[in-house]
Amino acid sequence: MHQVKGVVARGKGQPVELVTINVPDPGPGEALVKVQACGVCHTDLHYREGGINDDFPFLLGHEAAGVVEAVGEGVTGVAPGDFVVLNWRAVCGECRACKRGDLHYCFNTHNATQKMTLEDGTELSPALGIGAFAEKTLVAAGQCTKVDPDARPAAVGLLGCGVMAGIGAAINTGAVTRGKSVAVIGCGGVGVAAIAGSALVGASPIIAVDIDPQKLETAKRMGATHTVDSSQVDAVEEIKRICGEFFDGADGADVVVEAVGRPETWKQAFYARDLAGTVVLVGVPTPDMKVPDLPLIDVFGRGGALKSSWYGDCLPTRDFPMLVDLYRQGRLDLDAFVTEEIGIGDIEAAFERMHHGDVLRSVVVL
Ligand SMILES: NC(=O)c1ccc[n+]([C@@H]2O[C@H](COP(=O)([O-])OP(=O)(O)OC[C@H]3O[C@@H](n4cnc5c(N)ncnc54)[C@H](O)[C@@H]3O)[C@@H](O)[C@H]2O)c1
Ligand SMILES: [Zn+2]
Ligand SMILES: [Zn+2]
């Protein structure tokens with residue numbers, strides 16, 4: 001048993017607290033990880049607000065990198081001393097989805113079996129099965145992916161959620177490649193990552209759409225060739241105009257990534273795609289939102305595909321080391337996502353700054 005500091009959300013809307021927590025020694029199939037860095041993601045705030053579920057108290061934090069301190073019985077994939085990036089859930093490798101090759105849709109994904117607790121024994125719910133705003137955390141060994149140990153923890157930890165979700169939405173789900181046009185609606189951490197991923201594979205044009213001019217500036221630095229302020233102009237018309245200038249006869253983008261999660265941006269994405277184009281939905285809608293009322297002929301007539309993307313359809317063991325290599329080669333600027341490094345006691349202030357738009361990621365460094 002290890003007593004360490006961790007950031008806990010005790011109840012809906014209450015400020016988080018830095019408290020002592022108990023972390024068990026790893027049991028069969030589990031790993032104890034000494035956390036080195038963990039990004040502050042919008043989803044942590046959703047947890048604190050009770051927007052994900054009511055399983056309070058939560059141990060927050062889930063975009064993390066660290067060093068394996070100990071492993072339980074039967075663990076062969078990672079060993080003490082390994083530098084790892086954590087992912088949401090371990091896959092089984094045995095179910096129908098795994099055998100079909102769709103490991104990211106595994107029916108039997110899992111986290112650590114044992115529970116971390118508060119000092120009084122109350123069981124904690126780790127955010128996204130990780131809980132890494134803590135000096136140490138307990139995960140399933142399959143949630144740990146070994147990466148280059150010389151990489152900066154604050155940068156590569158971000159692959160554990162938002163950056164992977166965005167890059168993967170473009171490259172994996174949307175199959176963006178060189179020669180394709182891309183539009184990304186919503187340029188927060190996830191949307192900007194979709195832009196960086198599209199730039200990485202040589203797509204052009206890459207059109208960034210947002211209602212916040214500051215976000216559009218960031219998008220440009222991360223590889224957008226064009227920006228559209230949709231609070232000022234019609235985003236769909238602008239996307240069609242730009243793509244038409246690039247490719248004769250094009251009537252929209254080959255791939256449109258929606259990274260906001262609202263009906264109006266869903267509709268923009270739907271109409272901004274070229275004939276036979278692909279729409280990739282990444283933004284998470286609230287349960288009360290409905291698909292906008294569209295003529296069925298518009299769905300049928302344009303052909304193409306409408307896809308949702310979870311965790312960028314990533315395979316952590318394939319994608320994390322590959323993206324870390326690209327980062328080390330200077331081809332993927334993960335450092336640009338790290339707006340600031342903060343202490344583990346500064347989460348509430350980081351949530352505040354998230355609202356003001358000038359932060360892509362605050363990252364807790366331990
Ligand atoms: N599918 C997944 O696997 C996955 C993973 C992580 C996050 N997400 C979701 O992706 C979404 C984006 O996450 P984020 O961390 O980038 O959030 P964020 O708050 O940092 O960014 C959202 C962006 O959308 C912009 N925006 C808001 N309304 C808009 C509008 N009407 N038109 C254009 N732009 C608008 C904002 O200005 C902001 O730049 C969230 O819904 C999040 O929950 C999904
Ligand atoms: Zn499986
Ligand atoms: Zn996240």
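Among the residues of the stretch 131-151, write down those that are of a type in the set (A, V, I, L, M, F, W, C), in contact with a helix residue (DSSP H, G or I) (Cβ under 6 Å, 6 or more places away or on another chain) and open to solvent by 10 Å² or more (accessible area, probe 1.4 Å). Spell out the reasoning first.
Restricting attention to the stretch 131-151, the residues satisfying the condition of being of a type in the set (A, V, I, L, M, F, W, C) are 132-134, 138-141, 144, 147, 151.
Filter once more, keeping what is in contact with a helix residue (DSSP H, G or I) (Cβ under 6 Å, 6 or more places away or on another chain): 147, 151.
The one that is of a type in the set (A, V, I, L, M, F, W, C), in contact with a helix residue (DSSP H, G or I) (Cβ under 6 Å, 6 or more places away or on another chain) and open to solvent by 10 Å² or more (accessible area, probe 1.4 Å): VAL147.
For GLY27, state whether it is assigned to a loop (DSSP other than H, G, I, E, B) and either in contact with a strand residue (DSSP E or B) (Cβ under 6 Å, 6 or more places away or on another chain) or not polar (S, T, N, Q) (or both). Lay out the reasoning, then the answer.
Working: assigned to a loop (DSSP other than H, G, I, E, B): yes; either in contact with a strand residue (DSSP E or B) (Cβ under 6 Å, 6 or more places away or on another chain) or not polar (S, T, N, Q) (or both): yes.
So GLY27 fits the description; yes.
Filter the stretch 71-85 down to the residues that are open to solvent by less than 30 Å² (accessible area, probe 1.4 Å), out of contact with any Ser or Thr (no Cβ under 9 Å at 6 or more places or on another chain) and assigned to a strand (DSSP E or B) and list them by number.
Within the stretch 71-85, just PHE83 meets the criteria.
Scan the stretch 100-123 for residues that are surrounded by 15 or more Cβ atoms within 10 Å (Cβ to Cβ) and either part of a loop (DSSP other than H, G, I, E, B) or within 21 Å of the chain's Cα centre (by Cα) (or both) and jot them down.
If we filter the stretch 100-123 for residues that are surrounded by 15 or more Cβ atoms within 10 Å (Cβ to Cβ), which is where we start, we get 103-106, 109-112, 114-118.
Across the stretch 100-123, the qualifying residues are LEU103, HIS104, TYR105, CYS106, THR109, HIS110, ASN111, ALA112, GLN114, LYS115, MET116.
Between ALA155, ALA134, which is of a type in the set (Gly, Ala, Ser), away from ligand 2 (no atom under 16 Å from the Cβ) and closer than 25 Å to ASP54 by Cβ? Give the derivation first.
Working: ALA155 fails: closer than 25 Å to ASP54 by Cβ.
Result of the check over ALA155, ALA134: ALA134.
Output the residues belonging to the stretch 30-46 that are open to solvent by 20 Å² or more (accessible area, probe 1.4 Å) and either of a type in the set (Ser, Thr, Tyr) or over 19 Å from GLU348 (Cβ atoms) (or both). Outline the logic, then answer.
At the first step, the residues of the stretch 30-46 found to be open to solvent by 20 Å² or more (accessible area, probe 1.4 Å) are 34, 36, 42-43, 46.
Residues satisfying the conditions are LYS34, GLN36, THR43.
Just to verify a result, which residue in the stretch 232-248, among those that are free of Cβ contacts under 8 Å to residues at least 24 places away in the same chain and open to solvent by 70 Å² or more (accessible area, probe 1.4 Å), is farthest from the chain's Cα centre (by Cα)? Working first, answer last.
Of the stretch 232-248, the ones free of Cβ contacts under 8 Å to residues at least 24 places away in the same chain are 232-234, 237, 241, 244-245, 248.
Checking which are open to solvent by 70 Å² or more (accessible area, probe 1.4 Å) leaves us with 232, 234, 237, 241, 245, 248.
Working: GLN232: 28, ASP234: 28, GLU237: 29, ARG241: 30, GLU245: 32, ASP248: 35 Å.
Per the stated criteria, the residue is ASP248.
Condition first: in a strand (DSSP E or B) and away from ligand 2 (no atom under 16 Å from the Cβ). Can you find one or more residues in the stretch 86-99 that meet it? Walk me through it before giving the result.
Step one: of the stretch 86-99, the residues in a strand (DSSP E or B) are 86, 90.
Still in the list and also away from ligand 2 (no atom under 16 Å from the Cβ): 86.
There is at least one residue in the stretch 86-99 that is in a strand (DSSP E or B) and away from ligand 2 (no atom under 16 Å from the Cβ).
Could you tell me which residue of the stretch 162-183 is farthest from GLU63 (Cα to Cα), considering only residues that are at pLDDT 95 or above and within 15 Å of ligand 3 (Cβ to nearest atom)?
ALA169
Out of the helices (runs of 4 or more DSSP H) lying entirely within the stretch 276-366, which hold 3 or more residues that are within 22 Å of TYR105 (Cβ to Cβ), within 16 Å of ligand 3 (Cβ to nearest atom) and touching a strand residue (DSSP E or B) at 6+ places or on another chain (Cβ under 6 Å)? Even if it seems obvious, please write down each step before you answer.
Numbers: elements: 296-301, 316-328, 347-356.
Of the helices (runs of 4 or more DSSP H) lying wholly inside the stretch 276-366, none has at least 3 residues that are within 22 Å of TYR105 (Cβ to Cβ), within 16 Å of ligand 3 (Cβ to nearest atom) and touching a strand residue (DSSP E or B) at 6+ places or on another chain (Cβ under 6 Å).
Taking ALA37 as the residue in question, decide whether it is within 22 Å of the chain's Cα centre (by Cα) and within 17 Å of ILE342 (Cα to Cα).
Details: within 22 Å of the chain's Cα centre (by Cα): yes; within 17 Å of ILE342 (Cα to Cα): yes.
Here the answer is yes, as ALA37 does meet what is asked.
The values are calculated or read from the model by the stated rules, or taken from the named source; none is laboratory data. Small disclaimer: the values here were computed from a predicted structure and weren't measured. Reconstructed Cβ throughout: ideal geometry from the backbone, glycine too, with neighbour counts over all protein chains shown. Protein only, heavy atoms only, side chains kept; ligands, DNA and RNA dropped before computing areas. Shrake-Rupley method; radii C 1.70, N 1.55, O 1.52, S 1.80 Å.
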